[in-house]
Protein chains: 2
Amino acid sequence: MSSLAAIAALIGDPSRAAMLQALLPGEALTAGELARVAGIGAPAASSHLKALVEAGLLRVHAQGRHRYFALGGEEVAAALETLLCLARPAVSVRPPWPHGEAFRTGRLCWHHLAGRLGVALHVRLTGDGWLEPAPGGWATTPRGEARFTELGVDLAAARAAPRFACDCMDWSERRPHLSGGLGREITALLLRRRWLNRIEPRSDEALRRRRLECTPEGRRALAAEFGLAA
Amino acid sequence: MSSLAAIAALIGDPSRAAMLQALLPGEALTAGELARVAGIGAPAASSHLKALVEAGLLRVHAQGRHRYFALGGEEVAAALETLLCLARPAVSVRPPWPHGEAFRTGRLCWHHLAGRLGVALHVRLTGDGWLEPAPGGWATTPRGEARFTELGVDLAAARAAPRFACDCMDWSERRPHLSGGLGREITALLLRRRWLNRIEPRSDEALRRRRLECTPEGRRALAAEFGLAA
DNA sequence: CTGAGGCTTCGGGGCTGGCCGAAACAGGCG
DNA sequence: CGCCTGTTTCGGCCAGCCCCGAAGCCTCAG
């Protein structure tokens, strides 16, 4: 019995896939919320969630009478995004996503920046000498080290992550954006400085995907600090 | 209906997963061979293959009374390898692969070099100034351009590929190896020069995975040309 | 032209697995 | 202490789909 089949079959059920997609932004959701997202009853959801946790695709965190579920790790998020890259062409005939275009400009993938903004940042950081290739991903250049510190990026926290900086394929842009501890810390900084703002989901959005937009100040700052035209 | 679920469900059936894994090395196999690999009859295999082709996971090439099936593209190979990365930890308790260790040193992924050799080469090329980051992957530096040409790598053929050079996650090493046209051309050169040799599958191997090994001459040459210690 | 081999389509059987309702368990709250 | 809510377990129903056998189409060999 191939374990490839076992993992893929877990993702392959519509209800479970809906739950996993709902968790892609990195938020933890309760069992009840996930049941509603998938459009099934609580019992069915419970059994699905149990299977996903046992396979390591999800992690649970019990808190009071709620149980919060989140993706099992960055590898899981990466696998889902890679599969979405395969899935997209098939749907592109009809509107590719209920809230399609809005997602492409900026959103959170796991805990790091994705969409056009994320890809543009990746191009800048790797092309302008902030980062240089390293085994398994990217390392800071001396220049990047200085610039990140100056900006207030917590490099120590970034280095404490399992991976410092690596590529994560962006399902809407089909080009990599920055993942790993550095991706997370940069994104945290951009949100802290209000250069990016979260867009609250509309009431008709079943999934709580976290879209992001540039503030006017952020637009100026990103141009000045990173040379982003966006 | 989530298209993520549809794609994953296709990979999630044990018979189809076995076929896809058999095609991972990049070889094209006939419908009958794939039926044997999956351990099912010809009618069942035919219906599976039809579904996989319709979804774009496979391509067909009819030739005489045979129909040759191959993976639909590098994205498909990448998705399968990413999923295998997720699947591996679960199996690592028991022998992770029927022919585990032998696969780790060198093998073909799609048409490019994977395993320890592939990862080591990736580290060298990206770390020693042969390649530099470029949007969506890697580009040759002037020095790399000269060295590749000198070695006899067909850069024109590599540039004709949909992607010139990009990362492909290695499921056994969990670090990227070189994919895209350049990865294919380099691998072709290494085989042509007999620096790498294919190891013929043993008769008890159901899957025709293409393992690779260094020849003694190849070991010297790789050390001299690329600085590989392997 | 005829036979053989590879592949596909069709029809039917069997079984896995996803869903729901009812009931039980657990934690918070008045 | 009792109620409410969130979650899990159990039993049973049903659909989907995975498989095989039989039959037909196409290609190649002699």
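The values are calculated or read from the model by the stated rules, or taken from the named source; none is laboratory data. Predicted model, so just to flag it, every value in this text is computed and none were measured. With ideal geometry, Cβ positions are generated from the backbone for all residues, glycine too; neighbour counts draw on all protein chains shown. These accessible areas exclude ligands, DNA and RNA; they are computed on the full protein's heavy atoms, side chains included. Shrake-Rupley method; radii C 1.70, N 1.55, O 1.52, S 1.80 Å.
In nanometres and ascending order, the distances from the A:Ala224 label point to those of the other copies are 5.7 (point 7 Å from Cα along Cα→Cβ).
The mean number of partner chain beta-carbon atoms within 10 angstrom of a residue's beta-carbon across peptide B:74-86 is 6.
A point 7 Å from Cα along Cα→Cβ stands in for A:Arg198, and the other copies hold the same point at 5.4 nm, listed in rising order. Per-residue mean of foreign Cβ neighbours for B:8-20 is 6 (Cβ atoms of other chains, 10 Å radius).
Distances between copies of A:Tyr68, taken at a point 7 Å out from Cα along the Cα→Cβ vector and listed shortest first: 5.4 nm. Here the accessible area is traced with a 1.4 Å probe on the protein chains. For segment A:3-72, carbon and sulfur cover 52 percent of it.
The B-A contact accounts for roughly 2900 square angstrom of buried accessible surface, both chains included, probe 1.4 angstrom. Size of segment B:16-57 from its Cα atoms: along the principal axes, largest to smallest, the extents are 23, 20, 15 Å. Measuring only protein heavy atoms, the 1.4 Å probe finds B:Glu217 accessible over about 90 Å². Neighbouring Cβ atoms from other chains, within 10 Å of the Cβ of residues in B:41-47, number 0 on average.
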